[in-house]
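**Q** Sending over a structure as C-alpha cells; questions will come in a sec.
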Amino acid sequence: AQKITQTQPGMFVQEKEAVTLDCTYDTSDPSYGLFWYKQPSSGEMIFLIYQGSYDQQNATEGRYSLNFQKARKSANLVISASQLGDSAMYFCAMRETGYSTLTFGKGTMLLVSP
Amino acid sequence: DAGITQSPRHKVTETGTPVTLRCHQTENHRYMYWYRQDPGHGLRLIHYSYGVKDTDKGEVSDGYSVSRSKTEDFLLTLESATSSQTSVYFCAISDGGREGNQPQHFGDGTRLSIL
C-alpha cells in the first residue's frame with residue numbers, strides 16, 4: 001500500500017481564490033512528521049510547511065496552512081489567495097519515527113489562471 | 001538558500017558506461033540523500049548517508065552505489081548505466097535525523113539521459 005497518496009493529478013484555480021491539495025497517509029507509527037514541497041517549472045524543490053503528529057495546532061506559514069485531520073490520516077495543504085506564481089507541482093511527504101528518510105507522494109500539479 | 005551544488009547539471013551518456021554524480025554541501029549537515037524523479041512516480045529514495053562512510057539503501061537502490069568520504073561530498077555512481085536510469089536526480093541534505101521538524105533541502109537536480 002502506498003504510504004502517501006495524492007489523489008489529484010491536476011488542479012485548476014483562479015487567481016485570488018483558495019485551493020486545497022489533498023494528501024492522505026498510511027502509518028501505524030504514533031509519531032511522524034508531514035512535509036509539503038513545491039516544485040515550479042524551473043525544477044527546484046522548495047520546502048513549504050511541516051506538521052508534526054503531536055502538534056496541537058494546524059501548521060501555518062504565510063498563505064500556506066495545513067488542514068491536519070489525524071483520525072482520517074489526512075494532511076491537506078491549503079493555499080489562500082492563489083497567485084500566478086503558485087502554479088507548480090506540489091508534493092506531500094512523510095517521515096516516520098526512527099527514520100531520517102522521507103516518503104513522497106506522486107504530486108499534484110496546480111495551475112493558477114488569471 | 002541551502003548551500004547544495006550538484007554536478008553535472010546535465011549529462012548525456014551511452015548505455016554501459018559508468019556515471020558519477022556529485023553532491024557538495026557547505027552546510028555541514030549530517031544527512032545526505034539521493035533521489036530520482038520520474039513522471040508518475042514522484043521522488044524515490046535511492047541511497048542516503050547518515051555520516052562519513054555511513055550509508056544505507058533506499059527504495060530503488062539496484063544499479064546504484066554511493067560513497068561519502070567527507071562530510072561535504074556525497075557521490076552517486078551508476079556502474080553500468082542503463083536506459084531505465086534516465087531520470088532527474090536530486091540530492092538533499094538535512095541536519096536533523098529521526099526526530100524533529102528538520103526538512104530536507106534540495107539541490108537543483110541533475111538531468112541524466114542514457115542513450
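**Q** What is the protein assembly as shown by shape, rounded, prolate or oblate, if you read a ≥ b ≥ c off the alpha carbon gyration tensor as root eigenvalues and call it rounded for a/c under 1.5, prolate for a/b larger than b/c, and oblate otherwise?
**A** Here the protein assembly as shown falls in the prolate category.
**Q** Just to check I understand the Karplus step: with θ = phi - 60° and J = 6.51 cos²θ - 1.76 cosθ + 1.60, what whole-Hz values come out for the range B:80-94, glycine and proline as x?
**A** Values, residue by residue: 8, 4, 10, 4, 5, 8, 4, 5, 9, 10, 10, 9, 9, 10, 7 Hz.
**Q** Distance cut-off 25 Å, Cα to Cα: go down the list A:Lys73/B:Lys57; A:Lys16/A:Lys73; A:Lys73/B:Lys53; A:Lys16/A:Lys38; A:Lys38/B:Lys70 and report the pairs above it. Don't skip to the end; give the middle numbers.
**A** Details: A:Lys73/B:Lys57 27 Å; A:Lys16/A:Lys73 28 Å; A:Lys73/B:Lys53 36 Å; A:Lys16/A:Lys38 18 Å; A:Lys38/B:Lys70 30 Å.
In this structure, A:Lys73/B:Lys57; A:Lys16/A:Lys73; A:Lys73/B:Lys53; A:Lys38/B:Lys70 lie more than 25 Å apart at Cα.
**Q** Could you check the simple spin-label distance between A:Met11 and A:Ile46, using points 7 Å along Cα→Cβ, in nm with one decimal?
**A** Here the answer is 1.6 nm between the modelled labels.
**Q** Now for a different question. Where nothing but the Cβ of Lys and Arg (+1) and of Asp and Glu (-1) is charged, how large is the charge dipole of the protein assembly as shown around its Cα centre, in debye to the nearest 20? Write down the numbers at each step before the final one.
**A** Details: 21 positive and 24 negative charges, 32 e Å.
The dipole magnitude comes to about 160 debye.
**Q** Enumerate the amide H contacts of A:Leu102 below 5 Å, restricted to partners 5 or more residues apart or on another chain; note that Pro and chain-start residues carry no placed amide H.
**A** Under 5 Å from the amide H of A:Leu102: no residue qualifies.
**Q** Does anything in the range A:4-30 have its amide N under 15 Å from the 7 Å Cα→Cβ label point of A:Thr97, and if so which residues?
**A** Answer for the range A:4-30: A:27-30.
**Q** Tell me the chymotrypsin sites (Phe, Trp or Tyr not before Pro) within the range A:1-54 that lie in a loop according to DSSP and have at most 15 other beta-carbon atoms within 10 Å. Present the calculation step by step, with values, prior to reporting the outcome.
**A** Details: sites: A:Phe12, A:Tyr25, A:Tyr32, A:Phe35, A:Trp36, A:Tyr37, A:Phe47, A:Tyr50, A:Tyr54; in loops: A:Tyr54.
Hits after loop and neighbour filter: A:Tyr54.
**Q** Once amide H atoms are built 1.01 Å from N in the peptide plane, which residues 5 or more positions from A:Met109, or in another chain, come under 5 Å H to H?
**A** Amide H neighbours of A:Met109, under 5 Å, 5+ apart: A:Gly10, A:Met11, A:Tyr90.
**Q** Got a number for the accessible area of B:Val12? Probe 1.4 Å, square angstrom, nearest 10.
**A** 100 Å²
**Q** Which one of B:Ser67, B:Val12, B:Ser84 is farthest out on the positive end of the charge dipole of the range B:3-115, using unit charges on Cβ (Lys, Arg +1; Asp, Glu -1) and the Cα centre as origin?
**A** B:Val12
**Q** If you take the square roots of the eigenvalues of the alpha-carbon gyration tensor of chain B and sort them as a ≥ b ≥ c, do you get rounded (a/c under 1.5), prolate (a/b over b/c) or oblate?
**A** Details: a/c = 1.71, a/b = 1.63, b/c = 1.05.
Prolate is the answer for chain B, as a/c is 1.5 or above and a/b outweighs b/c.
**Q** Ok, one more. With charges set only on the Cβ (+1 for Lys and Arg, -1 for Asp and Glu), what does the dipole of chain B come to about its Cα centre, in debye to the nearest 20?
**A** On the way: 12 positive and 14 negative charges, 28 e Å.
Dipole size: approximately 140 debye.
**Q** Roughly how large, in nm² to one decimal, is the mean projection of the convex hull of the alpha-carbon atoms in chain A?
**A** Details: hull surface 27.9 nm².
Spelled out: convex hull of the Cα atoms, projected over all directions, averaged, 7.0 nm².
**Q** Each residue of the range B:107-115 in order: what ³J(HN,Hα) in whole Hz does its phi give by Karplus 6.51 cos²θ - 1.76 cosθ + 1.60, θ = phi - 60°, with x for Gly and Pro?
**A** Once θ is set to phi - 60°, the couplings for the range B:107-115 become x, 7, x, 10, 8, 10, 10, 10, 9 Hz.
**Q** Something else about it: Keeping all protein chains in place, calculate the accessible area per residue for the range B:4-115 (probe 1.4 angstrom), answer in Å². Kindly include the intermediate steps, with their values, before the conclusion.
**A** On the way: 5350 Å² over 112 residues.
It amounts to 48 Å² per residue over the range B:4-115.
**Q** Also: Counting protein heavy atoms only and a 1.4 angstrom probe, how many square angstrom of accessible surface do chains B and A bury in total, to the nearest 100?
**A** The contact between A and B buries close to 1600 Å².
**Q** Got the relative contact order for chain A handy, in percent, Cα pairs under 8 Å and 6 or more residues apart? Let's see the in-between values first.
**A** On the way: 278 pairs, mean separation 42.1, N = 114.
This gives 37 percent for chain A.
**Q** When a/c is below 1.5 the answer is rounded, else prolate if a/b is larger than b/c, else oblate, so apply that to the range B:1-46 with a ≥ b ≥ c taken from the square roots of the Cα gyration tensor eigenvalues. Spell out each step's value before the answer.
**A** Working: a/c = 2.19, a/b = 1.38, b/c = 1.59.
In terms of gyration-tensor shape, oblate.
**Q** Using the Karplus curve 6.51 cos²θ - 1.76 cosθ + 1.60 with θ = phi - 60°, work out ³J(HN,Hα) for each residue of the range A:97-104 in order, rounded to whole Hz, and write x for Gly and Pro.
**A** The phi angles translate into 4, x, 10, 9, 9, 10, 10, 9 Hz.
**Q** Please give the FRET efficiency for B:Lys11 paired with A:Leu84, using the beta carbon to beta carbon distance and R0 = 41 Å, rounded to the nearest 0.05. Write down the numbers at each step before the final one.
**A** Details: r = 33 Å, r/R0 = 0.80.
It comes to 0.80.
**Q** So, one more: With an 8 Å cut-off on Cα pairs and a minimum separation of 6 or more residues, tell me the relative contact order of chain B in percent. Numbers along the way, then the final one.
**A** On the way: 296 pairs, mean separation 40.0, N = 115.
Once normalised by length, the contact order is 35 percent.
**Q** How big is the gap, in Å, between the Cα center of the range B:49-115 and the Cα center of the range A:25-45?
**A** 17 Å
**Q** Relative to the isolated chain, which residues of the range A:81-103 have their accessible area cut by 20 Å² or more in the presence of all protein chains (1.4 Å probe, heavy atoms, no ligands or nucleic acids)?
**A** Those residues are A:Phe91, A:Arg95, A:Gly98, A:Ser100, A:Thr101, A:Leu102.
The values are calculated or read from the model by the stated rules, or taken from the named source; none is laboratory data. What you are looking at is a predicted structure, and each value in this text was computed from that prediction instead of being measured. So basically every Cβ, Gly included, is an ideal-geometry build from the backbone, and we count neighbours across all protein chains shown. For the accessible areas, the whole protein counts, side chains as well, though only heavy atoms, and no ligand, DNA or RNA atoms are used. Shrake-Rupley method; radii C 1.70, N 1.55, O 1.52, S 1.80 Å.
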